[in-house]
Amino acid sequence: MTRILLLAALLLATPALCQVLHDAGRAGRIEQYRPQSGEDDRAALRLRRTGQVVWQARSRGFEAMPALRGEPRIHAFSGWSGGAYCCWTLETFIHTPRGIVHAGSIALGKRSPERIRLQRDGETVIRVADAAHDFWDYVGSLGADIGPPVPYVLDRQRMAPDAAAMRQTPDAAIGPGCAPLWNPASFPQEPPATPGYASLAEAVASLRAADWSRFEPGRPHPATEAARLALCLIYAGQVAAVPQILAGFPDAKAALRSATERQIAARIACSPLAPTLRRLNPENALILAPCQPRNPDQTAVSAALERG
């Protein structure tokens, strides 16, 4: 009897470890579990059906986003890895005839979820910048984020980039719609508006007229803008137009142009979007490189040039 009373007292004193985030009965339950001890003290986001955990992921904590009503119903939860700048991941779930299923993980990178919204814009569910291009260059502890926004849709119960919506003409690809999605949590003030160009020719002329002096803290460098525009073209299926943008580099900056091209290829190779980009574009060296996470070409171009 004493042991039973002691056990009951311990159970009553133990804080709740499991928080139910969405309960759909037999269709499934999404819950957040926080372990009390052990080496891995991160929270676990779990999908449970018929009493069994069928999927889980770990992070420092998860927050629910407003559910997207309609058919299928979509639920999303943002998880934070911890750190001053990084990183968030969006976990998505949908209701299906066989119950709730995990529909995919989308890396948000440095973009905190406050600015991310699920949406019904035709077939598009959400637009998220490709986090593979975060921290493009490092200057004075700042890192430019230049990933083009990518529309995602549900494709056979999985969240997938919408290749059809990504495809645009070269002039449309470098317009305001390709402006990076800013993360307000990274810096206290909003950045200057990212320029939108009426045409590819106007963008090249702007690069040629820019100040190409050394990288300085808080000042966008034309090389970063050139890389952003090149990525906008690639993500629109217009890799053939990239040389026109790269022609905006001054002759004296040939090493910077070369480093930028290598970084574009290295970052794309390790992006989750690489298979989509290869389908969108004809064969090209910028999108065919194998992923090498430790490749020095992943390093910001400003740092690479400082090493000589």
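For residue 130, enumerate residues with amide H under 5 Å from its amide H, sequence gap 5+ or separate chain, H modeled in the peptide plane.
150
What is the Cα centroid distance between region 38-62 and region 213-276, reported in whole angstrom?
Cα centroid of region 38-62 versus Cα centroid of region 213-276: 39 Å apart.
For region 283-288, just list the computed ³J(HN,Hα) in residue order, Karplus coefficients 6.51, -1.76 and 1.60, θ = phi - 60°, integers in Hz, with x standing in for Gly and Pro.
Calculated HN-Hα couplings, in order: 4, 7, 4, 5, 10, 10 Hz.
Please sort by residue number the trypsin sites (Lys or Arg not before Pro) in region 226-308 whose DSSP state is loop and whose Cβ has at most 10 other Cβ atoms within 10 Å.
294, 307
How much length is gained if the chain between residue 283 and residue 54 is pulled fully straight, taking 0.36 nm per residue apart and subtracting their Cα-Cα distance, in nm to one decimal?
78.6 nm
Each value in this text was obtained by applying a stated rule to the coordinates, not by laboratory testing. What you are looking at is a predicted structure, and each value in this text was computed from that prediction instead of being measured. Using ideal geometry, Cβ is built from the backbone for each residue, glycine included, and neighbour counts are taken over all protein chains shown.
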